[in-house]
Amino acid sequence: RIKDAISKLVGKPAPAPVVRLVELIFAEAMTLQASHVILRPDGDALEVVYVIDGKEVPRDRVPSNLTAALVTRLKVLCNLDVTAAKSMERGRIDMNVGAVPKSCEVVFQELSEGVSILLDFVSTPFAEAPEVVQAWWLTEV
């Protein structure tokens, strides 16, 4: 599903496809019961990795030319300043999944190779987070 959405996004400047991409990532995370989603730079793309039962489940790759639009969309949803470029920034997205209210902590981390994003659907304290999530927090900036 996400691969199909990504292929339709390439080369299109309209924001609506990026909105759909973010919605697909969230919907798939809920369907797969992911505790976290990690979007990390990997060469010419952002790798989309779901954390399910503490294990990394790589899913898709978002072309790097969509990174800025994806980051902007997530920052808008978090009510963050889209013009601010900080090494680490946090926000929160409140949404409804069906009739159930759900929150997601979002952390943006600027790395030398590009932006990395952590979506935390369970607000896990660091000490209780899966190892892959702890490793994300310890990534060198």
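Within the stretch 62-102, the residues that satisfy the criterion of being among the hydrophobic types (A, V, I, L, M, F, W, C) and either buried (at least 18 other Cβ atoms within 10 Å of the Cβ) or in contact with a Ser or Thr (Cβ under 9 Å, 6 or more places away or on another chain) (or both) are V62, L66, A69, L70, V71, L74, L77, C78, L80, V82, I93, M95. Of all residues in the stretch 89-141, those being in contact with a Gly (Cβ under 6 Å, 6 or more places away or on another chain) and under 18 Å from L77 (Cα atoms) number 1. Within the stretch 54-79, the set of residues being without any contact (Cβ under 8 Å) to a residue 60 or more places away in the chain and either in contact with an Asp or Glu (Cβ under 6 Å, 6 or more places away or on another chain) or on the phi > 0 side of the Ramachandran plot (or both) comprises R61, S64, N79. Contact map, the stretch 91-118: first residue basic (K, R) and at pLDDT below 90, second residue surrounded by 10 or more Cβ atoms within 10 Å (Cβ to Cβ) and assigned to a strand (DSSP E or B), Cβ cut-off under 8 Å, separation 6 or more or different chains; pairs are K102/D94; K102/M95. Among the residues of the stretch 103-133, those that are surrounded by 13 or more Cβ atoms within 10 Å (Cβ to Cβ) and over 19 Å from A29 (Cβ atoms) comprise E110, L111, G114.
Where strands (runs of 3 or more DSSP E) fall wholly inside the stretch 19-125, the ranges with 3 or more residues that are more than 18 Å from W136 (Cα to Cα) and not acidic (D, E) are 88-97, 100-111.
The values are calculated or read from the model by the stated rules, or taken from the named source; none is laboratory data. Small disclaimer: the values here were computed from a predicted structure and weren't measured. In this analysis, Cβ positions are derived from the backbone assuming ideal geometry, glycine residues included, and neighbour counts consider all displayed protein chains.
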